[in-house]
1. Report, by residue number, each residue of segment B:273-315 that is under 18 Å from B:LEU185 (Cβ atoms), in a loop (DSSP other than H, G, I, E, B) and open to solvent by 20 Å² or more (accessible area, probe 1.4 Å).
2. Residues in segment B:223-240: is at least one at the interface with chain A (Cβ under 10 Å from one of its Cβ atoms), open to solvent by less than 10 Å² (accessible area, probe 1.4 Å) and among the hydroxyl-bearing types (Ser, Thr, Tyr)?
3. Take segment A:99-120 and flag every residue that is open to solvent by less than 10 Å² (accessible area, probe 1.4 Å) and small (Gly, Ala, Ser).
4. Go over the candidates B:THR162, B:THR172 one by one and state the one that is more than 14 Å from every other protein chain (Cβ to nearest Cβ), touching a residue at least 60 places away in the same chain (Cβ under 8 Å) and in contact with a strand residue (DSSP E or B) (Cβ under 7 Å, 6 or more places away or on another chain).
5. Among all residue pairs at least 6 apart or on different chains, which show Cβ distances below 6 Å where the first residue, located in segment A:86-109, is part of a helix (DSSP H, G or I) and the second is open to solvent by 20 Å² or more (accessible area, probe 1.4 Å)?
6. For segment A:160-207, give me each residue that is among the polar types (S, T, N, Q), outside any strand (DSSP E or B) and closer than 23 Å to A:ALA259 by Cβ.
7. Do the conditions hold for B:LEU181, that is, is it of a type in the set (A, V, I, L, M, F, W, C) and more than 15 Å from the chain's Cα centre (by Cα)?
8. Sort out which residues of segment A:103-156 are polar (S, T, N, Q) and on the phi > 0 side of the Ramachandran plot, and write them in order of number.
There are 2 protein chains.
Amino acid sequence: MRATLIYGAGDVRVETVPDPKLVEPTDAVVRVVRSCICGSDLWPYGSMPAQEQGRRIGHEFLGIVEETGADVTSVRRGDLVVAPFLYSDNTCEFCQEGLQTSCLHGGGWGANGVDGGQGEIVRVPQADGTLVQLPHTEDDELLASMLTLSDVFSTGHHAAVTAGVAKGKTVTVIGDGAVGLSAVLAAHRLGAERIVLMGRHEKRTELGREFGATDVVAERGEEGIALVRELTGGRGTHTVLECVGTKPAFEMGLGVVRAGGALSRVGVPQYAEGPIGRPVFTGNITITGGVAPARQYIPELLPDVLEGRYQPGRVFDRTIGLSEVPAGYRAMADREALKVLVKP
Amino acid sequence: MRATLIYGAGDVRVETVPDPKLVEPTDAVVRVVRSCICGSDLWPYGSMPAQEQGRRIGHEFLGIVEETGADVTSVRRGDLVVAPFLYSDNTCEFCQEGLQTSCLHGGGWGANGVDGGQGEIVRVPQADGTLVQLPHTEDDELLASMLTLSDVFSTGHHAAVTAGVAKGKTVTVIGDGAVGLSAVLAAHRLGAERIVLMGRHEKRTELGREFGATDVVAERGEEGIALVRELTGGRGTHTVLECVGTKPAFEMGLGVVRAGGALSRVGVPQYAEGPIGRPVFTGNITITGGVAPARQYIPELLPDVLEGRYQPGRVFDRTIGLSEVPAGYRAMADREALKVLVKP
């Protein structure tokens, strides 16, 4: 089969690799119907040291089950299924608490002999715990929206849930990438009263408004902080959803969070130390979030997607074939594309 | 009247100062019956640059109301009252949310013309919002326990509440000072299943055991982390109550917190930046806590103290008169005394 490998910064290739086969009785083999490129794939695409052996990449996909191991009972050949961006057994003590990202028998795609999502076929470990069945459909928009449950919409939802977004709460979303826009949608879904989107890419912030943003602030740093404070009577917002991952984004988040409020991070932090001294302490600011247990959220979010109440798939603004994946990375890195859908 | 002033590191003096008088119609004047020295007073005692003008110090007291302003309705002359370690109107939007530490009309003792708690008499701004009435008593132990509501027991409770301590949860308390021991007591009160106290001062950890600690770990750093992990099947505890305020204590807290868990800080951070990068993110660790809204907690905690179910006043192991306050600071700084009670 063909699959995507990354060899270093700016060097993504689609190559022929061995066809996946069942290894464990708990495995399934899934033929990918839709995959995509994640903002987090852009971190290695931007900075990974060049290496001779490429590594498989991609962690968001839905597809058709082709084969199942002897122990798999919840899905079978022919089922349409979505996989969260980490696999998990869904039975260990962490999974039972809804933290499948810390599953004792879980792991990531594209490593340790497990295929990446940006390919034709994927061997899925812990298939019973990992895969969630979807209704069959040929509807491109519905497929796209269902695919976002794998990561981007679930991640936006995680930001909103961990920050405590609820009816009557005010929210600042930092970042107008696909996760930021998904966080806007998730905050709207949870009943936020006011959603300030901090982003400067007009086409994206426009979609943010359609997703529920009540205000858009294009300015950054001190200027951006001052504007959000102005919008909120000087107080800041109850919750901040930090969807970028850089230190300046985190610092801006602290600048706009209301005393007693929470800043949730879902952008992978690109910094080792952050400013959590006296002002955070005095303001009783909670710092929360992390890697989203998408598997936990899919059953809750799926009905709203199936019934069309929410269309998170609108974050995809380009669709390509597998051979175009390298160009897809370039387009996302250059911010020409918001999020790229892949039809292998 | 006589009151305590600090002039710099190691330089605390008891001097004659003007008698407090009502200034605002919302003020009360309270004659101090019990006061005490706080672990946080030891930070300026350890490092404050010497200055010619001393500043008033002390922020924990209970006493008898001597006079009230025209607008004060909730307390009157002769009432025994306790003051939280910050004053607040208890009506503003933050106070209504239980965050009296961010009161729009609040402030601290010993600054801006407001007396410190380590003195004979205190002018109390926002008396209706600040003071909580207590039953009259001459019982030394009960007075000591009621005094802890002003700060130390409320602060331990804040750590436990913000970290999410509840029935069935495991807890690590970092620090065997008066706040750490109060946090043990608060965690026990909230139904924690297991409470690991990290501290090396045996007399203190012994009291910690009486307060509800199920395990004591004297080791620090990597060694201490390994021992707590060993006690918890390698997982760490659901919650960590960091009651010291140093960076090594915070780092140790991160080392013993379970994935998906929370580290609450109630020791004033003595660092500006902390290690909140990938491991915190990957583990979905929440960092919470801050300055405790004692005023919010007093009504909840008071009945357990009055009815003798909890005796947080046991953290006091020395009682002195006002003139001995400088010696009291020395004893606490030298860790000869755990917490010093002052009878002016």
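The values are calculated or read from the model by the stated rules, or taken from the named source; none is laboratory data. Predicted, not measured: the structure shown is a model, and the values here were computed from it. Here Cβ is always computed from backbone atoms with ideal geometry, including for glycine, and neighbour counts include all displayed protein chains. SASA here: full protein model, heavy atoms, side chains in, ligands and nucleic acids out. Shrake-Rupley method; radii C 1.70, N 1.55, O 1.52, S 1.80 Å.
1. The answer is B:GLU307, B:GLY308, B:ARG309, B:TYR310, B:GLN311.
2. Among the residues of segment B:223-240, not one is at the interface with chain A (Cβ under 10 Å from one of its Cβ atoms), open to solvent by less than 10 Å² (accessible area, probe 1.4 Å) and among the hydroxyl-bearing types (Ser, Thr, Tyr), which makes the answer no.
3. Scanning segment A:99-120 gives A:GLY116, A:GLY117, A:GLY119.
4. Working: B:THR162 fails: more than 14 Å from every other protein chain (Cβ to nearest Cβ).
Criteria check complete, one pass: B:THR172.
5. The qualifying pairs are A:PHE94/A:SER102; A:GLN100/A:ARG295; A:GLN100/A:GLN296; A:THR101/A:LEU86; A:THR101/A:VAL291; A:SER102/B:ALA259.
6. Step one: of segment A:160-207, the residues among the polar types (S, T, N, Q) are A:162, A:170, A:172, A:182, A:205.
Subsequent filtering for residues that are outside any strand (DSSP E or B) retains A:162, A:182, A:205.
Matches in segment A:160-207: A:THR162 only.
7. Values: of a type in the set (A, V, I, L, M, F, W, C): yes; more than 15 Å from the chain's Cα centre (by Cα): no.
In short, no.
8. Our first condition is that a residue be polar (S, T, N, Q); within segment A:103-156, this holds for A:112, A:118, A:126, A:130, A:133, A:137, A:145, A:148, A:150, A:154-155.
Those that are polar (S, T, N, Q) and on the phi > 0 side of the Ramachandran plot: A:ASN112, A:GLN126.
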